[in-house]
Amino acid sequence: MKSCKGILIAVMLAIISSFTFGEDETSKPFKLIMSENMLEKKDNLIDINSASKEEMVSQGIGIGYVGKILSYREKTGGFEKMEEMKRIKGIGDATYEKLSKKFKIESEIEKSSLYINEANDELLKYFGFEKKEIKKIREYINKNKRIDNNIQLMEILSKKRYEEYKEIIKYDKF
């Protein structure tokens with residue numbers, strides 16, 4: 001859309017430049033020189049890991065989605081992949097398709113620690129746990145009061161899933 005506006009402006013300037021104003025012979029029409037970068041489509045995507053609330057809203061993203069994206073970013077440390085947006089309640093496939101066209105991932109992030117004994121279901125989902133894993137975590141905590149260490153966590157998760165999370169999962173805040 002913006003590249004079309006740029007071309008339209010350039011065409012209008014070219015038309016205007018063909019006219020001379022007044023009867024003064026010293027006035028000369030100017031030539032419009034268009035460089036290639038004027039015609040290139042600009043990257044209008046914003047970095048999902050660093051964009052402010054105002055930047056997101058100015059890109060036409062609804063304030064409700066902006067709040068949810070900022071909350072996700074604050075709680076998890078940010079997005080490693082765009083598909084993580086689907087972990088946010090209210091962002092399904094259709095909404096994800098629209099939103100993903102407005103964002104890019106440019107900033108590197110460091111995932112936040114996940115204190116598994118304090119995490120609610122929403123936070124576990126934000127970190128990518130599936131419903132059945134969340135259910136197993138809840139059952140274990142209800143039965144044993146807490147998860148104390150990696151050995152106990154390996155009883156709950158598959159080895160592959162444990163390997164994915166072992167660096168960020170913490171059991172106590174000190």
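The values are calculated or read from the model by the stated rules, or taken from the named source; none is laboratory data. Here the structure is a predicted model, which is why all the values come from computation and not from measurement. Glycine gets a Cβ as well: all are built from the backbone with ideal geometry, and neighbour counts include every protein chain shown. To get the accessible areas, we keep the full protein, side chains included, count just its heavy atoms, and leave off ligands, DNA and RNA. Shrake-Rupley method; radii C 1.70, N 1.55, O 1.52, S 1.80 Å.
Things to note:
- Checklist (1) assigned to a helix (DSSP H, G or I); (2) polar (S, T, N, Q); (3) surrounded by 11 or more Cβ atoms within 10 Å (Cβ to Cβ); (4) modelled with pLDDT under 95 applied to Asn37, failing item: (3)
- Output for segment 84-98, where each listed residue is over 14 Å from Gly62 (Cβ atoms) and under 9 Å from the mean Cα position of the chain (by Cα): Glu84
- Checklist (1) over 23 Å from Tyr171 (Cα atoms); (2) in contact with a Gly (Cβ under 6 Å, 6 or more places away or on another chain) applied to Gly67, failing item: (2)
- Enumeration of residues in segment 90-117 that are in a loop (DSSP other than H, G, I, E, B) and touching a Lys or Arg at 6+ places or on another chain (Cβ under 8 Å): Gly90, Ile91, Gly92, Ile105, Ser112, Ser113, Ile116, Asn117
- Residue list for segment 74-112, restricted to those being within 19 Å of Glu167 (Cβ to Cβ) and surrounded by 13 or more Cβ atoms within 10 Å (Cβ to Cβ): Lys75, Thr76, Gly77, Gly78, Phe79, Glu80, Glu84, Arg87, Ile109, Lys111, Ser112
- Some residue of segment 135-154 being in a loop (DSSP other than H, G, I, E, B), among the polar types (S, T, N, Q) and in contact with a strand residue (DSSP E or B) (Cβ under 9 Å, 6 or more places away or on another chain): no
- Within segment 42-73, considering residues that are over 18 Å from Ile109 (Cα atoms) and among the β-branched types (Val, Ile, Thr), the one most open to solvent (accessible area, probe 1.4 Å): Ile63
- In the condition set (1) in contact (Cβ under 8 Å) with a residue 12 or more places away in the chain; (2) open to solvent by 100 Å² or more (accessible area, probe 1.4 Å), Arg146 is compliant with all but (2).
Residues checked against (1) without any contact (Cβ under 8 Å) to a residue 40 or more places away in the chain; (2) among the hydrophobic types (A, V, I, L, M, F, W, C):
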site	(1), (2)
Phe79	yes, yes
Gly92	yes, no
Thr95	yes, no
Lys104	no, no
Ser107	no, no
Glu110	yes, no
Tyr115	no, no
Gly128	no, no
Glu133	yes, no
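- Looking only at segment 106-142, residues that are under 26 Å from Ala51 (Cα atoms) and either in contact with a Pro (Cβ under 7 Å, 6 or more places away or on another chain) or of a type in the set (Asp, Glu) (or both) come to 4 in all.
- Among residues that are modelled with pLDDT of 95 or more, farther than 30 Å from Asn44 by Cβ, touching a Phe, Trp or Tyr at 6+ places or on another chain (Cβ under 7 Å) and of a type in the set (Val, Ile, Thr), Ile141 is not included.
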